[in-house]
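In what follows, a single structure is set out as structure tokens and then discussed.
The values are calculated or read from the model by the stated rules, or taken from the named source; none is laboratory data. Remember, predicted model here, so these are calculated numbers, not experimental data. Cβ placement follows ideal geometry from the backbone for every residue including glycine, while neighbour counts extend to all protein chains displayed. SASA here: full protein model, heavy atoms, side chains in, ligands and nucleic acids out. Shrake-Rupley method; radii C 1.70, N 1.55, O 1.52, S 1.80 Å.
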Amino acid sequence: MGDASDRSSAEPLEFREVTKRYPGNAEPAVDGLSLKLPAGEICVLVGPSGCGKTTAMRMVNRMIDITSGDILLGGRSVKQRQPDELRRNIGYVIQQIGLFPHRTIADNIATVPALLGWKKDRIATRVDELLELVGLDPHEMRDRFPAQLSGGQRQRVGVARALAVDPPVMLMDEPFGAIDPINRERLQNEFLRLQAELRKTIVFVTHDIDEAIKMGDRIAVMQVGGRLAQYAPPAELLTAPATPFVEDFVGADRALKRLALQRVRDIDLWSVATCRAGEPTAAARARLTDADLDIPMLVDGERRPLGWLSERGLTGERVRPELRSPAEPIVELDDILRDALSDLLARESMYGPVVDAGGHLVGALSIQAISHAIGSAGSEVRSAAERVAGDAGESAGQE
Amino acid sequence: MSGAPLIAQGGFVRDRAGESSCVADNGFCLDWISKNLDRYQTPFLEHVYLVVVSVAIGFVIAVALGLLAHRRRWLIGPLTGVTGALYTVPSIAMFFLLQPLLGRGNAPAIVGLAIYTQVIIFRNVITGLAGVPKEMVDAAAGMGMTPNQRLFKVEVPLALPEILAGLRIASATTVGLAAFAALAGAGGLGQQLIVSSLIVFKSNVVVAGGLVTLLAAALDLVVLGIQRLLTPWRRAVLA
Ligand SMILES: Nc1ncnc2c1ncn2[C@@H]1O[C@H](COP(=O)(O)OP(=O)(O)OP(=O)(O)O)[C@@H](O)[C@H]1O
Ligand SMILES: [Mg+2]
């Protein structure tokens, strides 16, 4: 089946004054939670252990009953829907992944389609399609059992299984929690790339603020007692934490964390005077007066940076290729700002040349410009999926 | 207990007394065994029948009780108590006690044997189901399986190794206990063993006893084979 034709569009999700009291507990686990999530966005519920994240998430598919208030999915109360029918239309990924060890990978992925009574060949086609979508080889994986997969592969199968009937909404409870940091980073990026394509409405639970900032279009910070402390996009959370609790929770390095949300192209670069070997010195000097940086960059015929020109290079009639220092570190427009800053610091350099995907010089990134960007709250910040979607183009450009 | 009717039924020693000095000396007589092996065929088949039928019936009942108790947790205590108490009834008493109700023959034997399987299989069903990781059940529910679908598509398959382990122990136990079914008039290898235990003819004890052991081992292999067939995933490991 072509999934474009029967793809269900994402639906908006809204919590309205949702409260959950477990019998016997004095404090509510979730207390009057209200938030709106537009269709196709990732909302991360984040907060310390026991603050009610899992409880809030599980009320969406009625795994936990709502004590008071309501949750609307696509404008319809979840309370008015049959729990089993509701759950089949909501993707569900839990921390332990919960793959059934006695079923093959194909059968695991086919769980919900089988419950819905899909025909065999439709299921088989869909399973292969999903395995490819999450980057696994269908021929190799289909007939294996979960025990024969690595943790990361199982995680991908878990996501494929949740996506099987293309549900408009997905619930993910610490989906990358049990995975080592290196693979977690990879899976996060892969997932964001997938989301850039699929645009599901996703409720994502984590207790890790860095993961929240990375994955969320919006972040709901909760505190113990099930109260919402702040609901905002990542950049706003970092620049304007609403309460001391949020400020403390996002951490003292929130200015640095903000750098992870921006790319080099998002901030004002310094202009750089370029010169070519053999051209008249006068022309080069003229260009230098207009530039932000008082050192010219020697470039080749295609504006590719060769190195910073030394004073002596400009003493003759024509520019001589005498360098004071190499063109390092070279920063790309699509680099994450945090990584670019790290490069500058590693080379003990105050600035570095910036090139576009073709390697042509477009300006210079300086530590000064970065600190200016950190200070200004208004500078552009991209959505989680867009930020990673750019990575694909970047790596394609390098090949 | 009077020995006379039993000797009349299967008195090997008296019949064959004149044939060899080995038999007369009550030795271990290969010669006698090879000549008389066919005498064991009917009792052996009777024994197999008793074991297979009673274990099958017992298994179905115990699994049904186990599934019921898994749903209605309060039943676990009483059912464990009752099946456990029945298991402690001495087998000789059990087969005599059932006769007033069921007469003599296969009926009391099969009922008695099936009762003995309950405690083992029931307990293994309960522990097997309790041992299913709760995130499996959670994932199943979260994907929209109904309680019955959860039970039969997830919980029972995952509890199967434990349940079949119970079946193996129950089968082995029943093969042994079925020897006493002769007391209920159901025949089987017990007929031979009980006769010989009265007369103490060693060759007979060795053959009948050996067949019982062999049957226990064979049944164990059959159930093991079924288990391997039904749970291929347990042998799957990361290459
Ligand atoms: N079934 C339950 N019965 C009673 N209390 C519960 C139950 N489930 C959770 N709670 C309580 O509700 C509160 C919120 O629990 P919840 O699991 O939602 O927290 P969480 O934010 O997901 O925590 P974690 O990060 O540790 O997973 C906790 O105080 C917890 O003890
Ligand atoms: Mg939790």
Residue in segment A:117-128 that is within 11 Å of chain B (Cβ to nearest Cβ), more than 16 Å from ligand 2 (Cβ to nearest atom), within 29 Å of A:D84 (Cβ to Cβ) and in a helix (DSSP H, G or I) present: no
Checklist (1) part of a loop (DSSP other than H, G, I, E, B); (2) open to solvent by less than 70 Å² (accessible area, probe 1.4 Å); (3) of a type outside the set (G, A, S) applied to B:L79, failing item: (1)
Number of the condition not met by A:A114 [criteria: (1) within 13 Å of chain B (Cβ to nearest Cβ); (2) in a loop (DSSP other than H, G, I, E, B)]: (2)
Selection within segment A:248-281 - without any contact (Cβ under 8 Å) to a residue 24 or more places away in the chain, surrounded by fewer than 15 Cβ atoms within 10 Å (Cβ to Cβ) and of a type outside the set (D, E): A:A252
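Restricting to segment A:69-97, give me the number of residues that are of a type in the set (V, I, T) and within 12 Å of chain B (Cβ to nearest Cβ).
The total comes to 4.
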Enumeration of residues in segment B:137-156 that are surrounded by fewer than 20 Cβ atoms within 10 Å (Cβ to Cβ), facing chain A (nearest Cβ under 8 Å) and part of a helix (DSSP H, G or I): B:D138, B:Q149
In segment A:92-107, residue farthest from A:T206 (Cα to Cα) [restricted to those that are out of contact with any strand residue (DSSP E or B) (no Cβ under 6 Å at 6 or more places or on another chain) and within 15 Å of ligand 2 (Cβ to nearest atom)]: A:G98
Residues of segment A:220-233 satisfying the condition of being open to solvent by less than 10 Å² (accessible area, probe 1.4 Å) and away from ligand 2 (no atom under 16 Å from the Cβ): A:A232
Residues of segment B:210-236 satisfying the condition of being closer than 17 Å to A:T104 by Cβ and open to solvent by less than 100 Å² (accessible area, probe 1.4 Å): B:L230, B:T231, B:P232, B:W233, B:A236
Matching entry among A:L131, A:L116 (being surrounded by fewer than 20 Cβ atoms within 10 Å (Cβ to Cβ) and out of contact with any Gly (no Cβ under 6 Å at 6 or more places or on another chain)): A:L116
Selection from segment A:201-216 of residues that are at pLDDT 95 or above and not β-branched (V, I, T): A:F204
Qualifying residues in segment A:282-296 (those that are farther than 21 Å from A:S349 by Cα and aliphatic (A, V, I, L, M)) - the one least open to solvent (accessible area, probe 1.4 Å): A:A284
Among residues of segment A:168-183, those that are within 10 Å of chain B (Cβ to nearest Cβ) and either away from ligand 2 (no atom under 16 Å from the Cβ) or over 26 Å from A:I71 (Cβ atoms) (or both), counted: 0
Enumeration of residues in segment A:279-296 that are touching a Ser or Thr at 6+ places or on another chain (Cβ under 8 Å) and part of a strand (DSSP E or B): none
Residue satisfying condition, being β-branched (V, I, T), away from every other protein chain (no Cβ under 14 Å) and either in contact with a His (Cβ under 9 Å, 6 or more places away or on another chain) or away from ligand 1 (no atom under 15 Å from the Cβ) (or both), within set A:I42, A:I66: A:I42
Qualifying positions in segment B:124-135 - surrounded by fewer than 20 Cβ atoms within 10 Å (Cβ to Cβ) and part of a helix (DSSP H, G or I): B:T127, B:A130, B:K134, B:E135
Flag if A:L237 is among the hydrophobic types (A, V, I, L, M, F, W, C), under 23 Å from A:P175 (Cα atoms), away from ligand 1 (no atom under 16 Å from the Cβ) and not in a strand (DSSP E or B): yes
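May I ask you to verify whether A:G50 is at pLDDT below 95 and away from ligand 2 (no atom under 15 Å from the Cβ)? Don't jump to the end; show me each part of the working.
Values: at pLDDT below 95: yes; away from ligand 2 (no atom under 15 Å from the Cβ): no.
No, not satisfied.
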Which numbered condition A:R324 fails, given (1) over 34 Å from the mean Cα position of the chain (by Cα); (2) within 30 Å of A:I213 (Cα to Cα); (3) not small (G, A, S): (2)
Test result for B:A178, away from chain A (no Cβ under 14 Å), surrounded by 21 or more Cβ atoms within 10 Å (Cβ to Cβ), touching a residue at least 24 places away in the same chain (Cβ under 8 Å) and not in a helix (DSSP H, G or I): no
Single condition A:R81 does not satisfy, out of (1) modelled with pLDDT of 95 or more; (2) farther than 19 Å from A:I202 by Cα: (1)
In segment B:98-120, the residues that are over 11 Å from the mean Cα position of the chain (by Cα) and in a helix (DSSP H, G or I): B:Q99, B:P100, B:L101, B:L102, B:N106, B:A107, B:P108, B:A109, B:V111, B:V119
Helices (runs of 4 or more DSSP H) wholly inside segment A:297-399 that include at least 2 residues being open to solvent by less than 40 Å² (accessible area, probe 1.4 Å) and modelled with pLDDT under 85: A:384-398
Strands (runs of 3 or more DSSP E) lying entirely in segment A:11-109 (those with 3 or more residues that are over 30 Å from A:P138 (Cβ atoms), in contact (Cβ under 8 Å) with a residue 40 or more places away in the chain and not hydroxyl-bearing (S, T, Y)): A:13-20, A:30-37, A:42-46, A:68-73
Lone unmet requirement of (1) more than 14 Å from chain B (Cβ to nearest Cβ); (2) acidic (D, E); (3) open to solvent by less than 30 Å² (accessible area, probe 1.4 Å) for A:E197: (3)
Top-ranked residue in segment A:47-63 [being within 10 Å of ligand 1 (Cβ to nearest atom) and among the β-branched types (V, I, T); ranked as least open to solvent (accessible area, probe 1.4 Å)]: A:T55
Segment A:191-233: number of residues that are assigned to a strand (DSSP E or B), within 16 Å of ligand 1 (Cβ to nearest atom) and under 20 Å from A:Q262 (Cβ atoms): 1
